[in-house]
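Novice: One structure coming up, written as C-alpha cells, with questions to follow.
The values are calculated or read from the model by the stated rules, or taken from the named source; none is laboratory data. As the structure is a prediction and not an experimental result, all values here were calculated from the model. Positions of Cβ are backbone-derived with ideal geometry, glycine not excepted, and every protein chain shown enters the neighbour counts. Only protein heavy atoms, including side chains, enter the accessible area calculation; ligands, DNA and RNA are left aside. Shrake-Rupley method; radii C 1.70, N 1.55, O 1.52, S 1.80 Å.
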Amino acid sequence: MQWALSILTVVAYATLPLGSASFEHELVPTLVVGLVYAVLAIGGFRWVQRRGRAFAVVYVGVQLPLGFVLFSLSGAAVGAVLLLVVLVSQSVLLLPLPAAAAVAAVIPLIHVEMEWPDGLREGLNTLAVTAFAIVITELLVREQRARAELADANERLRGYAAQAEQLATTQERNRVARDIHDGLGHHLTVVQMLLQAARAVIHTADTERLDAMLAKAQDQSREALAEVRRSVAALREPRSAPLVDALRALAREASEAGVPTGLEIHGPARAVRVEVEESLFRAAQEGLTNVRKHADATAATVVLDYGSVDLVRLEVRDDGRGLLEDPGNGFGLVGLRERVTGLGGHVSVDSAGHGLTLTVEVPG
C-alpha cells in the first residue's frame, strides 16, 4: 500500500504541468512546493506512521493547506488534484474513518474561486474522486487486516493442532500403559500365584493337581502374551464375552490362584456402553490382582450392582489385612481412576481395619 501511494505521488508530481494555464509564470514556485509536498508524502508519511495519532494530525494539517497552495500555484493542474487524492488515502491509514471523510470533504473547496456553475461542477467531481479514494483505501485496509487476522488464526490453529496431537499421543500412551498394567500385570500375578502353589505340592504325590496348576499357568502366560501383542499394536480387541461372564471367569481364576472368590449380581443385567464394561472389567481385574498380591486374604467377593438406573457399581471386597499405606501412588489405582474419571465415574477405596473394599461407580 505504501509503495503504491509513493508511485502515485511521483506520477502526480511529474504531471503538474498538465492542465495548467499559468505554469510558465509560476514554474519554480510550483516545482518547489510540489517537491516539498512529494517528499513529505513519501518520507514524512512513513515516519508519521510509526508515531502516534498526534503526529498524524499534524501531518495532515500541514499537507492539506500545502496542497491547496500547490493547486493554486499550478493553475488547477491535474497533478495537484492527484496529490490531494494521495493525502485522502493517507488519511484513511493514519486517522479514524470520520476524520478521513472530513479531509475528503474539505478538498473540493479548492474550486471555490471559480465561477459558481463551473466551481460547483468541478467541486462535485473532485468530491466523487475523494470519496472513491476513501472507499477503495478502506477496502484495501480491511482486506489487509483480514489477511493478517487470518494468518494469525492459522498460526494459532497450527499451535492448537500440535497441542491436540501431543495430548492425543499422551492419552494413547497412558491408555496403552494402563492396558499393560491391568492386563499383563493381572495375568502375570495369576501365573506367580499358580507357580507358588505348584512348588508347594511338587514334592507330594498329587501329580494331577500339580499338572492342573501348570496347565493353568500356561494358559495365563498365553493370555499375557496376547495382551502384550494388543498393547504393542495399540489396538484393543473387544471382549466377546458379556461382562457377567468375564467377571465369573476372573473370579474362577482368582479362586484357582489360591483366594476363593465369589461373584454377586444385584439387579437384572442390562446393556451398557462398551467402554463402561471395559472399565468395570479392568477395575475387577485390578482389585483381584491387588487382593492376591497385597491383602493376605482368605476370601474375596466381586459385586456387580445394576440396581441404580443411572449408575453401574462394582465392588471388590476381601477379608485381608486392610489398608496399611496410602494406595494413591500405585500405578494401577492411578490408571483406574484416569479410566473411570474419563467416563464421568468415581473410584473409592475403603478399609475399616479388617479387609478392604474397592468401589467403582460409572454412569450406565
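Novice: With each pseudo-label sitting 7 Å past Cα toward Cβ, what's the Thr170-Ser221 distance in nm, one decimal?
Specialist: Spacing of the two 7 Å Cα→Cβ label points: 3.9 nm.
Novice: A further question on this structure: Please compute the per residue accessible area over the chain with all protein chains in place, 1.4 Å probe, rounded to a whole number of Å².
Specialist: On the way: 19860 Å² over 364 residues.
Normalised by residue count, the accessible surface of the chain is 55 Å².
Novice: I would also like to ask the following. Would you calculate, for the chain, the mean residue ellipticity at 222 nm contributed by helices, counting each DSSP H stretch of 4 or more residues as -39,500 (n - 2.57) and dividing by all residues, to the nearest 500? Working shown, then result.
Specialist: Values: 12 runs with 228 residues, N = 364.
Computed ellipticity for the chain at 222 nm equals -21500 deg cm²/dmol.
Novice: Nearest 10 degrees, 0 to 90: what angle lies between the long axis of helix 207-232 and the longest principal axis of the chain (Cα atoms)?
Specialist: 0
Novice: Which residues in segment 57-79 place their backbone N less than 12 Å from a point set 7 Å from the Cα of Arg51 along the Cα-to-Cβ direction?
Specialist: Within reach of a label on Arg51: 57-62.
Novice: Stretch Val141-Gln196 to full length: gain in nm at 0.36 nm per residue minus the Cα-Cα span? Intermediate results must be reported in sequence, preceding the final value.
Specialist: On the way: separation 55, 0.36 × 55 = 19.80 nm, distance 8.03 nm.
Length gained, Val141 through Gln196: 11.8 nm.
Novice: Mind listing the phi-derived Karplus ³J(HN,Hα) values for segment 155-164, rounded to whole Hz, using 6.51, -1.76 and 1.60 with θ = phi - 60°, and x for any glycine or proline?
Specialist: 5, 5, 4, 4, x, 5, 5, 5, 5, 5
Novice: Peptides 244-253, 33-42, 142-151: what's the order by average Cβ count within 10 Å, highest mean first? Display every interim value, and only then the final one.
Specialist: Values: 244-253: 17.8, 33-42: 19.6, 142-151: 10.1.
Put in order of decreasing packing, that is 33-42, 244-253, 142-151.
Novice: Another one. Which one, Gly320, Ala198, Ser74, projects farthest toward the positive side of the charge dipole computed for the chain from Cβ point charges (K/R +1, D/E -1)?
Specialist: Ser74
Novice: Still on this structure: Given contacts defined as C-alpha pairs under 8 Å and at least six residues apart, what's the relative contact order of the chain, whole-number percent? Don't jump to the answer; show the numbers that get you there.
Specialist: Values: 446 pairs, mean separation 38.2, N = 364.
Across the chain, relative contact order equals 11 percent.
Novice: For a distance above 40 Å, tell me the whole-number percent of Cα pairs in the chain that qualify. Write out the running numbers ahead of the final one.
Specialist: Numbers: 33780 of 66066 pairs.
Of all Cα-Cα pairs in the chain, 51 percent lie more than 40 Å apart.
Novice: Percent antiparallel among DSSP beta bridges with both residues in the chain, to the nearest 5? Working shown, then result.
Specialist: Working: 19 of 25 bridges.
Of all bridge pairs located within the chain, approximately 75 percent are antiparallel.
Novice: If you build a Gaussian network model of the chain, linking Cα atoms that sit under 10 Å apart, which residue out of Val312, Val28, Val86 swings the most?
Specialist: Sorting by GNM fluctuation, first place goes to Val28.
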